[in-house]
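The values are calculated or read from the model by the stated rules, or taken from the named source; none is laboratory data. These numbers come from a predicted model, not from an experiment. Cβ placement follows ideal geometry from the backbone for every residue including glycine, while neighbour counts extend to all protein chains displayed.
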Amino acid sequence: MAPPQQVEDEAFVTLATSDTYALGSLVWGQSLRRVGTTRKLVVMITPGVSHGIRQQLGSVFDLLEVVDVLDSRDTINLGLLERPDLGVTFTKFHVWRLTQFKKCVFMDSDTMVLQNIDELFEREEFSAAPDPGWPDCFNSGVFVLQPSLQTYQNLLAFAMTVGSFDGGDQGLLNLYFKDWAYTDIQKHLPFIYNVVSQAFYSYLPALKQFGANIKVVHFIGPVKPWMHKYNTATGEVIPEPGTGHHGTFLQQWWNIFMELVQPKMDPTYLSGLAGELASLKLDASPQQPMEAVPEHERRERWERGQVDYLGEDSFQKIQERIDSTLQSGPAQAQPKPVDKSKGAVPKASRKHVRK
Ligand code: GLC
Ligand code: MN
């Protein structure tokens, strides 16, 4: 079969405001190439992104667009979010200037694509998925837009007059496209297009049922995938405690990074974290299998109300069970006897890490 036709006037676009975010852009770009996208790949970079990393971006992306940093400098609202670093996310608005494309899908560099998402181009501006922290708002890590200089100007004027309630792009875009919550359901992207990697601890049965449908994972929060440690002997990521990032997804990010990005990185031209990661060397050696605690024993204790929050039923252990749920694929959609007395996850272990 002939390969699907490339589409010239539609693009997936991301943004790198530093060399470290560019690592995310590289994994994101490769994750889209891997699933055979037919659309152009564009990365917008700010002037501070180094020459070394630009070279590498050039080998993955169809277009590198250098843009000025737009910063909200809204310390008060950014303080509420505890994320002073997010003021520069206004830089995203430059995507409306890419008028050589009829339509774009913007995606943050801390997202990763697991399945082809070219069908997103059937949606209109402004389509996005609900933010799990406040579902009447959309999350601005993935959205469909129509480039237009007029809209770009309007957004800048809006930034001067109204501003953003979180100091970043999300708080502004939600005010600008304010009827998103109440009007066209077609503009509500399903959650599978922007699965905030911490969100489903609160709804494990849904993860079991729908986890295999996930198309995009979004690593929100201040600790990004590239900041977690990686064991070069075992090829496994060592998740930083407390970030809520999901082990399986982090591992997938690192697998793409180590297989498709890292081997092409040249430590002589890179510094900082990018330079350090460029020097990583895989050193495979046999691993001791870990012993598992029998599941039925744990469940029995749980059902007797003996929840071992610090041990077997701790956040980390629950995360491990979520990991194995994801690896084992979707649940069979067969009717099962319902016993309402048993919750899937004890309340005290429903944790959210949100920012
Ligand atoms: C949230 C969104 C991110 C956005 C930021 C600032 O963290 O996930 O896309 O840049 O808010 O508004
Ligand atoms: Mn993000």
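What to note about this one:
- Flag set for Gly221, criterion: surrounded by 15 or more Cβ atoms within 10 Å (Cβ to Cβ) and within 13 Å of ligand 2 (Cβ to nearest atom).
This table checks each residue for (1) of a type outside the set (Ser, Thr, Tyr); (2) over 30 Å from Pro4 (Cβ atoms).
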{"site": "Gln30", "(1), (2)": "yes, no"}
{"site": "Gly36", "(1), (2)": "yes, no"}
{"site": "Val43", "(1), (2)": "yes, no"}
{"site": "Pro47", "(1), (2)": "yes, yes"}
{"site": "His51", "(1), (2)": "yes, yes"}
{"site": "Gln56", "(1), (2)": "yes, no"}
{"site": "Ser59", "(1), (2)": "no, no"}
{"site": "Leu64", "(1), (2)": "yes, no"}
{"site": "Asp68", "(1), (2)": "yes, yes"}
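- Verdict on Thr99 being polar (S, T, N, Q), more than 15 Å from ligand 1 (Cβ to nearest atom) and touching a helix residue (DSSP H, G or I) at 6+ places or on another chain (Cβ under 7 Å): yes
- Screening the stretch 165-203 for residues that are closer than 19 Å to Met107 by Cα, more than 16 Å from ligand 2 (Cβ to nearest atom) and in contact (Cβ under 8 Å) with a residue 40 or more places away in the chain and picking the one that is nearest to the chain's Cα centre (by Cα) gives Pro190.
- For the stretch 211-254, residues that are within 23 Å of Thr37 (Cβ to Cβ) and either aromatic (Phe, Trp, Tyr) or without any contact (Cβ under 8 Å) to a residue 12 or more places away in the chain (or both) total 5.
- Scope the stretch 134-150; condition over 12 Å from Trp180 (Cα atoms), more than 13 Å from ligand 2 (Cβ to nearest atom) and part of a strand (DSSP E or B); matching residues: Trp134, Val144, Leu145
- Condition check for Asn116: within 14 Å of ligand 1 (Cβ to nearest atom), of a type outside the set (A, V, I, L, M) and either part of a helix (DSSP H, G or I) or surrounded by 15 or more Cβ atoms within 10 Å (Cβ to Cβ) (or both): no
- Some residue of the stretch 55-73 being touching a residue at least 60 places away in the same chain (Cβ under 8 Å) and touching an Asp or Glu at 6+ places or on another chain (Cβ under 6 Å): no
- In summary, Leu250 fulfils each of the numbered conditions (1) surrounded by fewer than 19 Cβ atoms within 10 Å (Cβ to Cβ); (2) out of contact with any Gly (no Cβ under 9 Å at 6 or more places or on another chain); (3) of a type in the set (A, V, I, L, M, F, W, C) with the single exception of condition (1).
- Members of the stretch 68-113 found to be more than 16 Å from ligand 2 (Cβ to nearest atom), surrounded by fewer than 23 Cβ atoms within 10 Å (Cβ to Cβ) and either within 18 Å of the chain's Cα centre (by Cα) or not in a loop (DSSP other than H, G, I, E, B) (or both), listed by number: Thr75, Ile76, Asn77, Gly79, Leu80, His94, Trp96, Arg97, Lys103
- Count of residues meeting criterion [over 23 Å from Ala16 (Cα atoms) and more than 12 Å from ligand 1 (Cβ to nearest atom)] in the stretch 190-226: 18
- Condition check for Ser72: among the small types (Gly, Ala, Ser) and touching a Gly at 6+ places or on another chain (Cβ under 8 Å): yes
- Only residues that are within 14 Å of ligand 1 (Cβ to nearest atom), within 30 Å of Glu10 (Cα to Cα) and hydrophobic (A, V, I, L, M, F, W, C) were counted in the stretch 72-96, giving 5.
- Complete set of residues in the stretch 198-227 that are out of contact with any helix residue (DSSP H, G or I) (no Cβ under 7 Å at 6 or more places or on another chain), part of a strand (DSSP E or B) and among the aliphatic types (A, V, I, L, M): none
- Taken together, the criteria place Lys92 among residues that are modelled with pLDDT of 95 or more and closer than 21 Å to Gln170 by Cβ.
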